[in-house]
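Colleague: Below: one structure in structure tokens.
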Amino acid sequence: MSAPTFPFKENAYTLYSNALCPYAQRAVRAFNAAKVPYVIEEIDLKNKPEWYHHVNPQLKVPALRTPDGTILIESLVIAEFVADQFPESKLLSTDATERAQLRLFIELFSSRISPFIYRTLTSATVEDQNQAKESLLAGIKAVNDELERQWQRSSGKGGPFWYGDKFGFAEIATTSFVGLLVPLGHYRGVAIPETEEYAAFNKWKNAFFQHPGFTDVKPDDAKLIDAYKKFVAETK
């Protein structure tokens, strides 16, 4: 039986990705931040190629083929692999406490913000939409407060990024989802208030919205809005 075939570049990192997927953007940002050469094999999520199940049986992006032929899946796994494989990039701290604080921040963001972005879009009644919006804003406030605590630590250096002036792993792991506030604002009118209780979050967002680590990967607003139309439930 012949080995399964799929496209990749010999002796290189091949990243199977989709430009509009926030999870795939994590992996792209990790490679860019580490300044590691890679090639992208763009996957059409509406019409996945027949060979893609040989790369990732779950048919999700991103996936990574390393130069030795190892296949890795899951965006945070790939991003952390890049950070550990290329420690000179200093994307992750070598200090155990700092790494633990970073992981707690990513978990806080992933549990308190990401789900409610999608829930606000998919909720069909005004009541459910409002509840999802309230939960989202509460999550943003929790992230805001954690940013404030981090910036008081020596590793935070007062911001505006998790590690002071460095766009790093915290931003790689989370900023794709902050970018989804664009379609969320378009379809549901959600905006982060410009008030003191959200000041740290807005300071952070405004900083990375101007940083190449974010902007070089950020999809065009119109394309992002169009891509997320499929999630939007008609209000009953």
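Colleague: Residue by residue through segment 1-47, note down the ones that are polar (S, T, N, Q), part of a loop (DSSP other than H, G, I, E, B) and modelled with pLDDT of 95 or more.
Modeller: 11, 18, 47
Colleague: Then there's this: Applying the selection to segment 157-193, what residues are surrounded by 17 or more Cβ atoms within 10 Å (Cβ to Cβ), over 20 Å from residue 97 (Cα atoms) and small (Gly, Ala, Ser)?
Modeller: 176, 179
Colleague: Do we have any residue at all in segment 37-52 that's closer than 26 Å to residue 146 by Cα and buried (at least 20 other Cβ atoms within 10 Å of the Cβ)?
Modeller: Within segment 37-52, the subset closer than 26 Å to residue 146 by Cα is none.
No, that holds for no residue.
Colleague: Could I ask something else about it? Considering only residues that are out of contact with any helix residue (DSSP H, G or I) (no Cβ under 9 Å at 6 or more places or on another chain), in a loop (DSSP other than H, G, I, E, B) and closer than 11 Å to residue 16 by Cβ, which ones fall in segment 48-85?
Modeller: Answer for segment 48-85, where residues must be out of contact with any helix residue (DSSP H, G or I) (no Cβ under 9 Å at 6 or more places or on another chain), in a loop (DSSP other than H, G, I, E, B) and closer than 11 Å to residue 16 by Cβ: 48, 49, 51, 56.
Colleague: Anything in segment 125-155 that is assigned to a helix (DSSP H, G or I), among the hydroxyl-bearing types (Ser, Thr, Tyr) and in contact with a Lys or Arg (Cβ under 7 Å, 6 or more places away or on another chain)? List them, or say none.
Modeller: none
Colleague: Check 222, 233, 200, 227 and return the single one that is surrounded by fewer than 20 Cβ atoms within 10 Å (Cβ to Cβ) and either closer than 26 Å to residue 79 by Cα or modelled with pLDDT under 95 (or both).
Modeller: The conditions single out 227.
Colleague: Where residues in segment 86-101 are charged (D, E, K, R) and either touching a His at 6+ places or on another chain (Cβ under 9 Å) or not in a loop (DSSP other than H, G, I, E, B) (or both), which of them is surrounded by the most Cβ atoms within 10 Å (Cβ to Cβ)?
Modeller: Residue satisfying both the conditions and the ranking: 98.
Colleague: With the structure loaded, tell me whether residue 159 is over 30 Å from residue 130 (Cα atoms) and in contact (Cβ under 8 Å) with a residue 40 or more places away in the chain or whether it fails that test. Walk me through how you get there before you give the answer.
Modeller: On the way: over 30 Å from residue 130 (Cα atoms): yes; in contact (Cβ under 8 Å) with a residue 40 or more places away in the chain: yes.
Yes; evaluated as a whole, the condition is true for this residue.
Colleague: Let me ask something else about it. Being within 16 Å of the chain's Cα centre (by Cα) and among the aromatic types (Phe, Trp, Tyr) is the filter here, so list the residues in segment 202-236 that pass it.
Modeller: 204, 208, 209, 214, 228
Colleague: So, in segment 142-156, how many residues would count as being touching a helix residue (DSSP H, G or I) at 6+ places or on another chain (Cβ under 6 Å) and either within 22 Å of residue 114 (Cα to Cα) or buried (at least 18 other Cβ atoms within 10 Å of the Cβ) (or both)?
Modeller: Looking only at that region, the number is 7.
The values are calculated or read from the model by the stated rules, or taken from the named source; none is laboratory data. In this text the structure is predicted, and so the values were computed from the model without any measurement. All Cβ positions, glycine included, derive from the backbone under ideal geometry; neighbour counts span all protein chains shown.
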